[in-house]
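S.K.: Got a structure for you, written out below as C-alpha cells; questions coming shortly.
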Amino acid sequence: MATINVAGKDIAVDEEGYLEDRNEWNEEIAAEMAKLDDCELTDSHWEVINFLREYYDEYQIAPAVRVLTKAIGKKLGKDKGNSKYLYELFPYGPAKQACKYAGLPKPTGCV
C-alpha cells in the first residue's frame, strides 16, 4: 500500500495517489498532494476543491470533467465554468487532479 507523509503521519493512498479513506482528508493533505505535483494551491484552486467536496456530499459521485465544467459554470460563473480556466488550474485534468486533492475517488469516466 502506498502512503504519503503529512505532518509526520502516513496517509494511505492508492497507486494513483487518491486517498484510501476520504474521511482522513484535510487541507494539509490536499496541499501536500499538490506539492508532490509541483502545484501550489491558490484561492482559485480551493474554490474548485471545495465545490467538488460539496458536489460529492450531495450526489455521492465525483463528476467527470464535462459535468464538472457545467456545474462550476452554474455556481461560480461562466468565466470559471470553462475548460481553459480549469485546465490552467489543474493541468493533469481538472476532474482527476482536483478530485484527488479534494480527497474524493477518481471521477467517473476517467481512465
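Throughout, read-outs are computed from the coordinates displayed, never taken from laboratory work. The structure displayed is predicted, hence computed values, not measured ones. Note that we place each Cβ from the backbone using ideal geometry, even for glycine, and neighbour counts take in every protein chain shown.
S.K.: What number of residues within the stretch 1-57 are exposed (fewer than 14 other Cβ atoms within 10 Å of the Cβ), in a strand (DSSP E or B) and not polar (S, T, N, Q)?
M.R.: Matching residues across the stretch 1-57 total 4.
S.K.: What pairs come out if I take residues in the stretch 58-74 that are farther than 20 Å from Ser44 by Cβ and pair them with residues that are surrounded by fewer than 21 Cβ atoms within 10 Å (Cβ to Cβ) and β-branched (Val, Ile, Thr) whose C-beta lies under 7 Å away, six or more apart or interchain?
M.R.: Going by the 7 Å Cβ cut-off, the qualifying pairs are Ile61/Thr108; Ala64/Thr108.
S.K.: Within the stretch 40-54, can you find the residues that are of a type outside the set (S, T, N, Q) and under 18 Å from Ser83 (Cβ atoms)? Outline the logic, then answer.
M.R.: Filtering the stretch 40-54 down to residues of a type outside the set (S, T, N, Q) leaves 40-41, 43, 45-49, 51-54.
Result: His45, Glu47, Val48, Ile49, Phe51, Leu52.
S.K.: I would also like to ask the following. Could you check the stretch 71-92 and list, in sequence order, the residues that are of a type outside the set (S, T, N, Q), surrounded by fewer than 16 Cβ atoms within 10 Å (Cβ to Cβ), assigned to a helix (DSSP H, G or I) and under 16 Å from the mean Cα position of the chain (by Cα)?
M.R.: Across the stretch 71-92, the qualifying residues are Tyr87, Glu88.
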